[in-house]
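The values are calculated or read from the model by the stated rules, or taken from the named source; none is laboratory data. Just so it is clear, the structure is predicted and the values come from calculations on it, not from any experiment. Don't worry about glycine lacking a Cβ; one is built from the backbone with ideal geometry, like all the others, and counts go over all protein chains shown. Protein only, heavy atoms only, side chains kept; ligands, DNA and RNA dropped before computing areas. Shrake-Rupley method; radii C 1.70, N 1.55, O 1.52, S 1.80 Å.
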Amino acid sequence: MAEDLALDLQELRQLESIAKRPRVVSLISSEISHLEKLSKEQTSDPLSTSTPIQTPISSGVKLPSSLPTNYVTLGSFSWDQDSDKVKIYVSLEGVEQEKIKSEFRATSFDVKFHDVQGKNYRCAIPKLNKEIVPEKCLVVVKPKRVIITLLKASKGNWLDIHFKEDKLKPNLDEKRDPMAGIMDLMKNMYDEGDEDMKKTIAKAWTDARSGNAADPLKGYR
């Protein structure tokens, strides 16, 4: 643009030198003054003649906003209880309360600890021994451990924190052969019993298979 102004000024000055009529000379002189002013402004402002900055164009490739979070499972912990609640003690240092995400349900819980010395941890039990009250469960951070408090839905003693089926409970399926249910019960009693119980059940089992005993449980029912 500066070169164009210089050429325009040169041509206007040539016209001014040959113009005769006063009005024409005045018009040419006025245009020359205007172009000279523009030329001075461009000279004092170098940014006006610089190459315009190009705006980067997006390639359209979007990076994922967040990668899947990996967790180290805390399978080792201690616990105790009273009639109202269960307390779980997790040995873990460097936990920040605001970086804990907990989810309590009637028969399960899942507590996640984020950014603990560069790692993420989780403590979870998918099926508890009995039901809890989710809205009254707590997670408290101590200097060297975390305490997870579960409020029991009903008072009482838990034999274990994990749910376990009662192996000695008979199967009540009406369509199943009753004799098969008795045999399952004997097998469970054999697995859980002491040596004397195992010998007694083994003998009853043998007699039942040989036809010497009509009732395999006769004698200790």
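Tabulated results
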| quantity | calculated |
| --- | --- |
| Every residue from segment 115-125 that is in a loop (DSSP other than H, G, I, E, B) and open to solvent by less than 60 Å² (accessible area, probe 1.4 Å) | none |
| Subset of segment 99-138 (residues that are in contact with a helix residue (DSSP H, G or I) (Cβ under 9 Å, 6 or more places away or on another chain), farther than 21 Å from N70 by Cα and in contact (Cβ under 8 Å) with a residue 40 or more places away in the chain) | A106 |
| Within segment 88-114, considering residues that are open to solvent by less than 60 Å² (accessible area, probe 1.4 Å) and among the charged types (D, E, K, R), the one farthest from the chain's Cα centre (by Cα) | D110 |
| Strands (runs of 3 or more DSSP E) lying entirely in segment 64-114 (those with 3 or more residues that are touching a Phe, Trp or Tyr at 6+ places or on another chain (Cβ under 8 Å), among the polar types (S, T, N, Q) and more than 14 Å from P134 (Cα to Cα)) | none |
| Test: N120 is of a type outside the set (D, E, K, R) and within 17 Å of D80 (Cα to Cα) | no |
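Quick grid of which residues meet (1) among the basic types (K, R); (2) closer than 26 Å to L92 by Cα; (3) touching a Phe, Trp or Tyr at 6+ places or on another chain (Cβ under 6 Å); (4) assigned to a loop (DSSP other than H, G, I, E, B):
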| site | (1), (2), (3), (4) |
| --- | --- |
| E135 | no, yes, no, no |
| V140 | no, yes, no, no |
| P143 | no, yes, no, yes |
| L151 | no, yes, no, no |
| S154 | no, no, no, yes |
| N157 | no, no, no, yes |
| D160 | no, yes, no, yes |
| E165 | no, no, no, yes |
